[in-house]
Amino acid sequence: SVELSYKRLKTKYPYVMILSQPIFLNFLIEKALQYPNFKLEMRAKVTGLIEEGGAVRGVTYKDGNGDEQSLFAPLTLGADGRASATRKHSGLKTVNLTKRPDDVVWFNVPIEAGDPQEGLIARENDANSVFMFRRPDEWQIGLTLLKGSYREFREKGTDNLRHELAQLLPEFGARLQALDWPGTAYLKVELKRAERWHRKGLLLIGDAAHVMSPIGGIGINLAIRDAVVTANSVLGPLSRNALKESDLARVQRKVAWEVKLIQGFQAFIQNSTNKDANKTDDTIIGFPKAIRDTLLSVPFIRDLPVKLLAFGLVRVKLRALPSVSPKQLEHVERVAGA
């Protein structure tokens, strides 16, 4: 197995916190509700973009009752994930970086006394691999299958699923007996990015702009980083009613080079492991065992992946928010059609 330790990082917080998405989203909603102009529409689905004079002016969507609605805005942010409807309707072209998507089965098992203390662990054999993320009360585990083999793997049934996992996680054998297919989630791992993240009145960020692989669990880090860079770039011009597409292009220009670098690394891993439908060589993160063990014995090289995951290459800090007068806010709302 390979253990990526954050304990050696020279930082005040030498660990990684893996937070349940529903908890994190509820935290964001709770904070956003403190702003008087924040409005949340649950179970809404974007059905198209509103365009006027070559600029995006908002979106059409179906609300939780299935009724068609329109929402106008001086800036539309597409932050709707890897299956982004905003990106789909924008017409912005994407480039795919993997030869074939990986198939990943996600599931959770409870933590027990004696389990490893590391927050991130990877294991593999000659057929499959697992990535394990430790949470307070459970392990989140991703089982990576041979490319394109998910349907065949599932048809073999629950006993085969438990058997394959037991080969990789023998100490979890008893806990795996409670696992069944309904308790798993399937993810087709694609790795792609939009060539351009913006149009006039529209900006894509996070997975909507660059679909990341689960390798390294870095997607959320980059998405938050995108949000900070976006706030720094657009809030000032928006408050002055002077937002230009060049302000949106600045967001991509500041961070896209690092996204390309990380995606290139992830693509190398995905394209060099689980080769076609016959994986026989002993590889983790794309390197033969002998080379991997030699590299990981060098402290500087061993700690590079963890430093990249923890800190990234583009360091950002949220600037002070610009003050907006009631008159300016009224103007923005009027322009947005609110």
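Yes or no: the stretch 159-168 includes at least one residue that is open to solvent by less than 60 Å² (accessible area, probe 1.4 Å), charged (D, E, K, R), over 24 Å from Lys200 (Cα atoms) and over 19 Å from the mean Cα position of the chain (by Cα).
Within the stretch 159-168 (the criterion being open to solvent by less than 60 Å² (accessible area, probe 1.4 Å), charged (D, E, K, R), over 24 Å from Lys200 (Cα atoms) and over 19 Å from the mean Cα position of the chain (by Cα)), the answer is yes, since at least one residue qualifies.
In the stretch 27-69, which residues are open to solvent by less than 80 Å² (accessible area, probe 1.4 Å), in contact with a strand residue (DSSP E or B) (Cβ under 7 Å, 6 or more places away or on another chain) and either in contact (Cβ under 8 Å) with a residue 40 or more places away in the chain or farther than 24 Å from Leu243 by Cα (or both)?
Across the stretch 27-69, the qualifying residues are Ala44, Val46, Thr47, Gly48, Leu49, Val56, Arg57, Gly58, Tyr61, Asp63, Gln69.
Give all pairs with beta carbons closer than 7 Å in which a residue from the stretch 127-143 that is open to solvent by less than 30 Å² (accessible area, probe 1.4 Å) meets a residue that is polar (S, T, N, Q) and not in a strand (DSSP E or B); count only pairs at least 6 apart in sequence or on separate chains.
Leu143/Asn128
Considering only the stretch 92-113, state which residues are touching a residue at least 12 places away in the same chain (Cβ under 8 Å), assigned to a loop (DSSP other than H, G, I, E, B) and open to solvent by 50 Å² or more (accessible area, probe 1.4 Å).
Within the stretch 92-113, Lys93, Lys99, Arg100, Glu112 qualify.
Those residues that are open to solvent by less than 20 Å² (accessible area, probe 1.4 Å) and outside any helix (DSSP H, G or I), I need them from the stretch 206-239; list them, please.
Selection gives Ala209, His210, Val211, Met212, Ser213, Ile218.
Can you confirm whether Ala242 is open to solvent by 30 Å² or more (accessible area, probe 1.4 Å), part of a loop (DSSP other than H, G, I, E, B) and in contact with a helix residue (DSSP H, G or I) (Cβ under 9 Å, 6 or more places away or on another chain)?
Against the criterion (open to solvent by 30 Å² or more (accessible area, probe 1.4 Å), part of a loop (DSSP other than H, G, I, E, B) and in contact with a helix residue (DSSP H, G or I) (Cβ under 9 Å, 6 or more places away or on another chain)), Ala242 qualifies.
Would you check which residues across the stretch 245-263 are open to solvent by 30 Å² or more (accessible area, probe 1.4 Å) and touching a helix residue (DSSP H, G or I) at 6+ places or on another chain (Cβ under 6 Å) and list them?
Arg250, Lys254
Scan Val56, Val105, Val109 and give me the residue that is at pLDDT 95 or above and out of contact with any His (no Cβ under 6 Å at 6 or more places or on another chain).
After ruling out the rest, the residue left standing is Val56.
Could you list, in sequence order, all residues of the stretch 169-187 that are assigned to a loop (DSSP other than H, G, I, E, B), within 15 Å of Glu124 (Cα to Cα) and open to solvent by 80 Å² or more (accessible area, probe 1.4 Å)?
Within the stretch 169-187, none qualify.
Within the stretch 135-146, is even one residue closer than 30 Å to Val251 by Cβ and assigned to a loop (DSSP other than H, G, I, E, B)?
Taking every residue of the stretch 135-146 in turn, none turns out to be closer than 30 Å to Val251 by Cβ and assigned to a loop (DSSP other than H, G, I, E, B).
The values are calculated or read from the model by the stated rules, or taken from the named source; none is laboratory data. Computed from a predicted structure; not experimentally measured. Neighbour counts run over all protein chains shown; Cβ positions are idealised from the backbone, glycine included. In case anyone asks, the SASA skips ligands and DNA or RNA and just uses the protein heavy atoms, side chains included. Shrake-Rupley method; radii C 1.70, N 1.55, O 1.52, S 1.80 Å.
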